[in-house]
DNA sequence: TTGACAAGCGGAACATTGCTCCACATACTC
DNA sequence: GAGTATGTGGAGCAATGTTCCGCTTGTCAA
């Protein structure tokens, strides 16, 4: 209503005001603390522990994340963002095939830390409903660009459907235990190897 | 130590004494109540509700099932037992193929009520670790005998690997929503149909 | 049938944890 | 520097898992 608000509004593109600096800091601290605690104690860790680790009060945490599940979902989204963003970084710093390999390893590592979350995803909590779509919406383009770059450079012959590949690796990781990650890496090598050569025409069985 | 105890011990095969009659009744009531409540409210339903529905005190429930997860696991085992036992019943009351069909439908229904449990199974709680093995140890023989009977009677041509079939149907059920059970039935019909005819030699792709 | 007592029962009480509320603090605007 | 919207912190509430223990009851020898 007032001039000030309008002035502020102009400087920002949507809401009335930017978040206060301390609020931003706190939000970041909470997400970081939650990420670490989820990793060590699982997604069912007490909210109090997360607030304590982040050095903020419980009220602060709840203002930003009204429900436990909101926090879990935010951490998840943030990690998806990080992992997907790494595709760009890796692509600029490495040859296409190398970038592809490195990123797929990142992806496996990402999955490896999501054990407890798989259970949460199936809990029926509405806060989690959008996560699979978010997952796909971020990872599929990331992998697609890596695959295309590798094919254009001639380092791989085939471009598999990115979603198929993501799912295949996902299934690998889900079925295996935490310490089977070596096994997952080996199968991953096999998959990458397969990408590098002309597909033979399959016949019979 | 005393004669009495020895006498009792002889009449029983393992522990010192049989469970008191009321204790047995209560255990049964709790399992029944838990089964119903898990179905309507999920496996996270309050323990108090279950005790109330069973008409017993909380202490009674906790004596028999020291942890929530013990109760969940017991209910699960009991349902596995029931479902597996039905294979025998159905086999004696029906022609082999009919028995097979009916049992697979039972199995689908069993799976349909296990949505919340899938999440619990991946929660990492040690009480659940043995459940997948229990699942397989009971269902695989049950299905095997039905399949063999149907093949011996000539009603089906192929005997697929029972575990493959169990898993395939399991995956069907997991991927689909609760009201997609009709769809699962249709695919199940297809599978059964496939069993009834000679397998064609596959070629290409 | 009865008495003795171990086995079992029930629920009050405690512990943990998700979440709310509001008096107080502080970053931002002018 | 003052005023105020914004944000903070943690006490406290409610729900729920779990323990504890005095009372009740099924069981069995006599």
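The values are calculated or read from the model by the stated rules, or taken from the named source; none is laboratory data. Keep in mind the model is a prediction, meaning the values are calculated, not measured. As a convention, Cβ positions derive from the backbone with ideal geometry for all residues, glycine included, and neighbour counts pool all protein chains shown.
Of note:
- Residue check for residue A:97: farther than 19 Å from residue B:119 by Cα and modelled with pLDDT of 95 or more: no
- Subset of the stretch B:25-65 that is within 11 Å of DNA strand D (Cβ to nearest atom) and within 14 Å of chain A (Cβ to nearest Cβ) - its residue that is modelled with the highest pLDDT: B:45
- Checked against the criteria, residue A:84 counts as modelled with pLDDT of 95 or more and under 11 Å from the mean Cα position of the chain (by Cα).
- Given (1) within 14 Å of chain B (Cβ to nearest Cβ); (2) under 17 Å from the mean Cα position of the chain (by Cα), index of the condition residue A:144 fails: (1)
- Checked against the criterion of being loosely packed, with under 15 Cβ neighbours inside 10 Å, more than 11 Å from DNA strand D (Cβ to nearest atom) and assigned to a helix (DSSP H, G or I), the candidates A:86, A:98 yield just one match: A:98.
- On inspection, residue A:116 qualifies as within 14 Å of another protein chain (Cβ to nearest Cβ), within 22 Å of residue A:44 (Cα to Cα) and touching a residue at least 24 places away in the same chain (Cβ under 8 Å).
- Criterion violated by residue B:107 - all others in (1) within 14 Å of chain A (Cβ to nearest Cβ); (2) in contact (Cβ under 8 Å) with a residue 24 or more places away in the chain; (3) away from DNA strand C (no atom under 16 Å from the Cβ) satisfied: (1)
- Checked against (1) within 14 Å of chain B (Cβ to nearest Cβ); (2) within 13 Å of DNA strand D (Cβ to nearest atom), residue A:69 meets all criteria but (2).
- Scanning the stretch A:119-133 for residues that are over 13 Å from the mean Cα position of the chain (by Cα), more than 7 Å from chain B (Cβ to nearest Cβ) and not in a loop (DSSP other than H, G, I, E, B) yields a total of 5.
- Filter pass, residue A:111 being assigned to a helix (DSSP H, G or I) and at pLDDT 95 or above: no
- Residue that is more than 25 Å from residue B:98 (Cβ to Cβ) and either within 11 Å of chain A (Cβ to nearest Cβ) or outside any loop (DSSP other than H, G, I, E, B) (or both), where the choices are B:137, B:150: B:137
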